[in-house]
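K.L.:
Let me begin by handing over the structure; questions about it come next.
The values are calculated or read from the model by the stated rules, or taken from the named source; none is laboratory data. Every value quoted in this text rests on a predicted model; they were computed, and no experiment measured them. Here Cβ is always computed from backbone atoms with ideal geometry, including for glycine, and neighbour counts include all displayed protein chains. All accessible areas refer to the heavy atoms of the entire protein, side chains included, with ligands and DNA or RNA removed. Shrake-Rupley method; radii C 1.70, N 1.55, O 1.52, S 1.80 Å.
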Amino acid sequence: MKKFSLNLLLIVSVIFQSCSTDDDGVNDVNQVTAPNTYSFLRNGKSTVNFEGQTTRIKMAEELVSSLKDNSSTEIKLDAMFAHVQGENDFNDDNLNLSNKSIRSKIAASADYFSANTTTSNAIKADFDNWIASQASEVFINWNTTASAGQAGQIQQAGGGSIRYINNKGLELNQAFAKGLIGALMMDQILNNYLSPKVLDKGSNLPNNDNGVLEVNQEFTAMEHKWDEAYGYLYGNETDPEVPQLDADQFLSEYLYKLEGDPDFSEIPVTIYNAFKLGRAAIVAKSYTVRDEQAEIIRENLSKIPAVRAVYYLQAGKTNLESDKATAFHALSEAYGFIYSLQFSRMPNSTIPYVTKTEVDGYLAQLMEGNGFWDVTPETLDSISASIAAEFGFTTAQAAN
């Protein structure tokens, strides 16, 4: 049994009380109670909706799978990435009929990128280039034995899995998949939907105060924006009201892995409780409580790529001399998680824990010379220590 669902049975409703002062100097005490599960009703109907986020998670699942299929073409992969409504890009007809696309939401948050299209476009281009290189370098060398400077295949020790790498030892599909965790899911949650710039946009705040619902919907615009943040984390769950985790290969999987690590096992419940209380605060029109929960989510969700980056850097170091295929696979995952750190968010700030400049520096160190073929244990330890220090944990804690 997964521990997260078991933990939920032990959760007692959280009662949170906050105080604010109105213009007349009179204290207004707002009490907000979080429900036991992420269930919110109006007139007997659910007010929770995040269909678009579930759609993009499913699109990303199919695209990442296609990056491991050498019969895929660059044209096909690009079409899946920048899907156009009505095109038959996916095996699921519902995805084909959707007007959503993955690429449109890459590095597209209100707080980080609305006024910085140059960086947003550069990040989109990174994903475009990973697709192009997978087709033009890796797929055409599918049956070639890889070596330093030569793309191809390499098998893990003892007849293990065959890995397909570029000329520097990097599995581009891993860089792409783990990069999506930051550039799509985290950026949309932390820097877009939980931002007052989005939650309070236009008439959202007075409409929420006055119970004005979206047209033909059961929810207010503010409620919906918060739910959309929730959807990027729990949107692929069988029962999103009671998440079991490990429901997709993105945030859900790695939040599940943190749950199994004693050093970070409280993070999943902390995030879930903050989502519930924040949503309840919107219903109660208590925006101070709402924003406090957003900061809790920012702090804890940002740790996911940090912990996993250090974990995989250390796993790569362990196997670097004895089993290069296993080491390169771990380092490729680390590469993608490091890429995702630029989308993290320090609480009560508008900046990431690790800047894009720092991220680019770490990745350049990993790719120096012949990349993973040349990287040293000292470099892996140095990057691990730097990332761990930014988030306040140790390399040893993450490496377990």
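K.L.:
Select, from 263, 291, 323, the only residue that is in contact (Cβ under 8 Å) with a residue 60 or more places away in the chain and in contact with a Phe, Trp or Tyr (Cβ under 8 Å, 6 or more places away or on another chain).
P.N.:
263
K.L.:
Of all residues being in a loop (DSSP other than H, G, I, E, B) and over 21 Å from the mean Cα position of the chain (by Cα) in the range 372-393, which is surrounded by the fewest Cβ atoms within 10 Å (Cβ to Cβ)? Just the residue, please.
P.N.:
Residue satisfying both the conditions and the ranking: 376.
K.L.:
Pull out all pairs, ordered by first then second residue, where Cβ-Cβ is under 9 Å, the residues are six or more apart or on different chains, the first lies in the range 45-66 and is closer than 20 Å to residue 78 by Cα, and the second is aliphatic (A, V, I, L, M) and outside any helix (DSSP H, G or I).
P.N.:
56/102; 57/247; 59/102; 60/102; 63/102
K.L.:
So which residues in the range 354-371 are open to solvent by 50 Å² or more (accessible area, probe 1.4 Å) and in a helix (DSSP H, G or I)?
P.N.:
356, 357, 358, 360, 364, 365
K.L.:
Being within 28 Å of the chain's Cα centre (by Cα) and among the hydroxyl-bearing types (Ser, Thr, Tyr) is the filter here; which residues of the range 203-223 pass it?
P.N.:
Selection gives 220 alone.
K.L.:
Report, by residue number, each residue of the range 277-314 that is over 21 Å from the mean Cα position of the chain (by Cα) and closer than 16 Å to residue 263 by Cβ.
P.N.:
314
K.L.:
Within the range 265-288, track down each residue that is outside any helix (DSSP H, G or I) and crowded, with 23+ Cβ neighbours inside 10 Å.
P.N.:
Residue satisfying the conditions is 286 alone.
K.L.:
Kindly evaluate residue 400 against the criterion of being surrounded by fewer than 22 Cβ atoms within 10 Å (Cβ to Cβ), out of contact with any Gly (no Cβ under 7 Å at 6 or more places or on another chain) and modelled with pLDDT under 95.
P.N.:
yes
K.L.:
Here is a check on your reading of the model: is residue 253 part of a helix (DSSP H, G or I), out of contact with any helix residue (DSSP H, G or I) (no Cβ under 6 Å at 6 or more places or on another chain) and free of Cβ contacts under 8 Å to residues at least 60 places away in the same chain?
P.N.:
In short, yes.
K.L.:
A further question on this structure: If I filter the range 101-142 down to residues being of a type in the set (D, E, K, R) and in contact (Cβ under 8 Å) with a residue 60 or more places away in the chain, which single residue comes out as farthest from residue 163 (Cα to Cα)?
P.N.:
111
K.L.:
With respect to residue 364, determine if the residue is more than 27 Å from residue 234 (Cα to Cα), modelled with pLDDT of 95 or more and of a type in the set (A, V, I, L, M).
P.N.:
yes
K.L.:
Let me ask something else. Output the number of residues of the range 123-137 satisfying the condition of being in contact with a Gly (Cβ under 8 Å, 6 or more places away or on another chain) and either among the hydrophobic types (A, V, I, L, M, F, W, C) or open to solvent by 50 Å² or more (accessible area, probe 1.4 Å) (or both).
P.N.:
Total meeting the criteria: 2.
K.L.:
Working only within the range 204-242, note down all residues that are within 22 Å of residue 177 (Cα to Cα) and open to solvent by less than 10 Å² (accessible area, probe 1.4 Å).
P.N.:
229, 230, 231, 232, 233, 234, 235
K.L.:
Could you please give the count of residues in the range 60-88 that are in a loop (DSSP other than H, G, I, E, B), closer than 18 Å to residue 173 by Cα and not hydroxyl-bearing (Ser, Thr, Tyr)?
P.N.:
Matching residues across the range 60-88 total 5.
K.L.:
Next question. Right, residue 127: out of contact with any Lys or Arg (no Cβ under 9 Å at 6 or more places or on another chain), modelled with pLDDT of 95 or more and within 17 Å of residue 67 (Cβ to Cβ) or not?
P.N.:
No.
K.L.:
Confirm whether residue 294 is among the hydrophobic types (A, V, I, L, M, F, W, C), closer than 30 Å to residue 33 by Cβ, assigned to a helix (DSSP H, G or I) and in contact with a helix residue (DSSP H, G or I) (Cβ under 8 Å, 6 or more places away or on another chain).
P.N.:
For residue 294, the condition - among the hydrophobic types (A, V, I, L, M, F, W, C), closer than 30 Å to residue 33 by Cβ, assigned to a helix (DSSP H, G or I) and in contact with a helix residue (DSSP H, G or I) (Cβ under 8 Å, 6 or more places away or on another chain) - is met.
K.L.:
Pick from 109, 120, 39: which is at pLDDT 95 or above, buried (at least 19 other Cβ atoms within 10 Å of the Cβ), part of a loop (DSSP other than H, G, I, E, B) and not aromatic (Phe, Trp, Tyr)?
P.N.:
Within the list 109, 120, 39, the selection yields 109.
K.L.:
So in the range 42-70, with the set limited to residues that are of a type in the set (Gly, Ala, Ser) and over 22 Å from residue 213 (Cβ atoms), which one is surrounded by the fewest Cβ atoms within 10 Å (Cβ to Cβ)?
P.N.:
For the range 42-70, the residue satisfying everything is 65.
K.L.:
Also: Kindly check whether there is at least one residue in the range 176-185 that is modelled with pLDDT of 95 or more, open to solvent by 50 Å² or more (accessible area, probe 1.4 Å), in contact with a helix residue (DSSP H, G or I) (Cβ under 7 Å, 6 or more places away or on another chain) and not β-branched (Val, Ile, Thr).
P.N.:
No, because not a single residue in the range 176-185 is modelled with pLDDT of 95 or more, open to solvent by 50 Å² or more (accessible area, probe 1.4 Å), in contact with a helix residue (DSSP H, G or I) (Cβ under 7 Å, 6 or more places away or on another chain) and not β-branched (Val, Ile, Thr).
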